[in-house]
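The values are calculated or read from the model by the stated rules, or taken from the named source; none is laboratory data. These figures come from a predicted structure and were not determined experimentally. Note: ideal-geometry Cβ built from the backbone for every residue, glycine included; neighbour counts use all protein chains shown. We work out accessible area using only protein heavy atoms, side chains counted, and drop any ligands, DNA or RNA first. Shrake-Rupley method; radii C 1.70, N 1.55, O 1.52, S 1.80 Å.
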Amino acid sequence: MKALLFLLLAMLPCYARLGETVEQSIQRYGQPTSNGDQAQDCKILIFKRAPFEIIANFYQDKCVALTFYKRQANSDGTLGEENQPLSDEEIKGLMEQNSDGKTWGQPTTSEASDCVIWVRPDGVVVTYDKNNYWLMFRRNDSAFSAYSTAIKEADKKQKRDEVKKETNGL
């Protein structure tokens, strides 16, 4: 019981906040280890808070998705590169911290992707990928849809630009 309490207290700094601004996320997690603009109005920040690497996706300066990867700590205190499975207690703890006072629905399992999915009454979705060991919280609203569309369009443009460059603009 003490170990579970310690684990839950250790995860408190990782309290995900969908809807926070970039600045609020930096105040919460510290300086990102990586950041970049993905497309117009889209930004990604990567934070490392042992034992988690946290990827925060922003649209128009509001967080629309957070993905948690559990990593093994190296002897020098840095996080390793391989994803580690999250325990049921870790998943439950992160979900409780991110419930926003709402109850998560019953889990459903996607046989095709081996993911477990929970949905809150306000439409926020959490997905745990049992093969790749990531836990993602995301909004299920127009902001997330706009973010997804902007990223897809940016990818298409990048591919067109690469083809153009390879063919010398023909």
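The set of residues in region 93-136 being of a type in the set (Gly, Ala, Ser) and more than 17 Å from residue 66 (Cβ to Cβ) consists of 101, 105, 110, 112, 113. What are the residues in region 99-155 that are in a loop (DSSP other than H, G, I, E, B), open to solvent by 30 Å² or more (accessible area, probe 1.4 Å) and of a type in the set (A, V, I, L, M, F, W, C), if any? Residues satisfying the conditions are 104, 112. Restricting the first member to region 18-34 and to residues that are in a helix (DSSP H, G or I), and the second to residues that are basic (Lys, Arg), the beta-carbon pairs closer than 8 Å and six or more apart or on different chains are 22/43; 24/17; 25/17; 28/17; 29/49.
Have a look at 114, 129, 88, 122 and point out the one that is at pLDDT 80 or above, on the phi > 0 side of the Ramachandran plot and within 20 Å of the chain's Cα centre (by Cα). Before you say what the answer is, go through the steps one by one.
Details: 129 fails: on the phi > 0 side of the Ramachandran plot; 88 fails: on the phi > 0 side of the Ramachandran plot; 122 fails: on the phi > 0 side of the Ramachandran plot.
Of 114, 129, 88, 122, the one residue that is at pLDDT 80 or above, on the phi > 0 side of the Ramachandran plot and within 20 Å of the chain's Cα centre (by Cα) is 114.
Number of residues in region 73-98 that are over 18 Å from residue 132 (Cα atoms), assigned to a loop (DSSP other than H, G, I, E, B) and open to solvent by 20 Å² or more (accessible area, probe 1.4 Å) equals 5. The set of residues in region 66-78 being without any contact (Cβ under 8 Å) to a residue 40 or more places away in the chain and under 28 Å from residue 144 (Cα atoms) consists of 71 alone. Of the residues making up region 38-52, those that are open to solvent by 50 Å² or more (accessible area, probe 1.4 Å), closer than 24 Å to residue 79 by Cβ and not hydrophobic (A, V, I, L, M, F, W, C) number 4. When the residues of region 39-57 are narrowed to those that are assigned to a strand (DSSP E or B) and touching a residue at least 60 places away in the same chain (Cβ under 8 Å), which ends up nearest to residue 83 (Cα to Cα)? Per the criteria, the residue is 57.
For the structure I just gave you, tell me whether residue 161 is open to solvent by less than 80 Å² (accessible area, probe 1.4 Å), acidic (Asp, Glu) and without any contact (Cβ under 8 Å) to a residue 24 or more places away in the chain. Let's see the steps before the verdict.
Values: open to solvent by less than 80 Å² (accessible area, probe 1.4 Å): yes; acidic (Asp, Glu): yes; without any contact (Cβ under 8 Å) to a residue 24 or more places away in the chain: yes.
It is true that residue 161 is open to solvent by less than 80 Å² (accessible area, probe 1.4 Å), acidic (Asp, Glu) and without any contact (Cβ under 8 Å) to a residue 24 or more places away in the chain.
Cβ-Cβ contacts under 7 Å between residues 6 or more apart (or on different chains), taken from a first residue in region 79-92 that is more than 17 Å from residue 66 (Cβ to Cβ) to a second residue that is open to solvent by 20 Å² or more (accessible area, probe 1.4 Å) and of a type in the set (A, V, I, L, M), are listed as 89/4; 89/7. Go through the residues of region 55-73 one by one and say whether even a single one is farther than 16 Å from residue 139 by Cβ and modelled with pLDDT under 90. Scanning region 55-73 turns up at least one residue that is farther than 16 Å from residue 139 by Cβ and modelled with pLDDT under 90.
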